[in-house]
Amino acid sequence: MKALIIIVTFFLSTLSLAQGSYQIAFLKYSGGGDYYANPTALPNLAQFCNTNLGTTISKEAPYVDVGSPELSLYPFIHMTGHGNVVFSLTEAENLRNYLLGGGFLHIDDNYGMDKFIREELKKVFPNNSLVELPFSHPIFHQKYDFNGLPKIHEHDGKRPQAFGIIIEGRLVCLYTYETDLSDGWEDQAVHNDSEEKRKQALQMGANILMYAFLGNSK
């Protein structure tokens with residue numbers, strides 16, 4: 001019954017894609033990590049998509065607790081931070097139901113989250129591991145064409161990687177690592193990124209949103 005309610009909610013959210021404004025949200029979690037790290041990221045991404053894709057995404061992006069039933073109100077949830085992440089078993093179950101019911105989670109490691117989020121995702125999907133997405137994956141070829149993720153911040157100098165959890169052929173969770181996409185979505189004054197880097201980050205973010213809403217469509 002819970003999954004059915006979520007599916008109905010997402011059906012209504014999909015209708016709003018054509019009929020009016022809709023919202024995306026930040027994920028709030030426990031463990032001490034700074035879930036609030038990039039507050040201007042989603043509003044700026046929404047504005048970019050509205051201008052360049054013709055979407056009607058609200059620039060107000062609330063913080064929604066991972067254990068809250070209100071997750072089902074948002075077809076796209078973004079998660080970031082630098083440190084520890086802890087999901088209780090109840091929170092993991094709620095997030096799993098959200099994703100199985102049609103939701104999409106984008107996790108962007110803001111440097112320092114990797115070892116924690118990988119363990120917590122095992123609570124959400126014990127039988128489904130993160131897999132690296134190839135450059136041919138449709139998420140890189142929506143409105144904008146990319147050969148993998150753009151490198152926005154250097155950090156350890158590793159190559160940027162996109163990982164996903166795929167359930168019955170559907171990508172339900174995207175985890176971006178060693179890229180710092182959401183830093184590139186923030187106001188320019190926050191990180192002083194170049195216009196080119198910010199453009200790459202926002203274009204890739206637009207691709208992610210397009211894929212989350214429209215699946216394999218270009």
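Every number here is computed from the coordinates shown, using simple stated rules; none is lab data. Since this is a predicted model, take the numbers as computed values, not measurements. Cβ sites come from the backbone with ideal geometry, for glycine too, and all protein chains shown count toward neighbours.
Just need the relative contact order of the chain here, percent rounded to a whole number, with Cα pairs under 8 Å and 6+ apart.
21 percent
Percent of Cα-Cα pairs more than 22 Å apart in the chain, please.
45 percent
For the chain, what does -39500 (n - 2.57) per DSSP helix run (n ≥ 4), summed and divided by total residues, give at 222 nm, in deg cm²/dmol to the nearest 500?
Value at 222 nm, helices only: -11500 deg cm²/dmol.
Treat each spin label as a single point 7 Å out from the Cα along the C-beta direction, and report the Leu214 to Thr90 distance in nm.
Inter-label distance under the simple model: 4.0 nm.
Only sites in a loop by DSSP and with at most 14 other Cβ atoms within 10 Å count here; which trypsin sites (Lys or Arg not before Pro) in segment 125-170 make the cut?
For trypsin sites (Lys or Arg not before Pro) across segment 125-170 that sit outside H, G, I, E and B with at most 14 neighbouring Cβ atoms in 10 Å, the list reads Lys143, Lys158.
Could you check the spin-label model distance between Ser194 and Ser129? Points 7 Å from the Cα along Cα→Cβ, value in nm.
3.7 nm
Just want the answer: with Cβ charges of +1 for Lys and Arg and -1 for Asp and Glu, which residue in Gly205, Val172, Gly67 is farthest toward the dipole's positive end in the chain?
Towards the positive end, the residue furthest out is Val172.
What FRET efficiency would be calculated for the residue pair Thr51, Asp156, taking the C-beta separation as r and a Förster radius of 22 Å, to the nearest 0.05?
Approximately 0.05, to the nearest 0.05.
Stretch Lys28-Lys115 to full length: gain in nm at 0.36 nm per residue minus the Cα-Cα span?
In short, 29.5 nm is gained.
Ignoring the sites themselves, what is the longest stretch of the chain with no chymotrypsin sites (Phe, Trp or Tyr not before Pro) in a DSSP loop and at most 11 other beta-carbon atoms within 10 Å?
Result for the longest clean stretch: 37-134.
Lysine pairs in the chain 8 or more apart or on different chains: how many have alpha carbons under 16 angstrom apart?
Going through the chain pair by pair, I get 6.
Within the chain, which is the longest segment that contains none of the GluC sites (Glu not before Pro) sitting in a DSSP loop with at most 14 other Cβ atoms within 10 Å?
61-153
When all C-alpha to C-alpha distances in segment 15-99 are sorted into bins of 10 Å, what percent of pairs does each bin hold, rounded to whole numbers?
18, 44, 29, 9
With the cut-off at 1.5 for a/c, could you classify segment 178-218 from its C-alpha gyration tensor as rounded, prolate or oblate?
Prolate, since a/c reaches 1.5 and a/b exceeds b/c.
In nm, to one decimal, how far is the modelled label at Glu168 from the one at Tyr36, with both set 7 Å along Cα→Cβ?
3.8 nm
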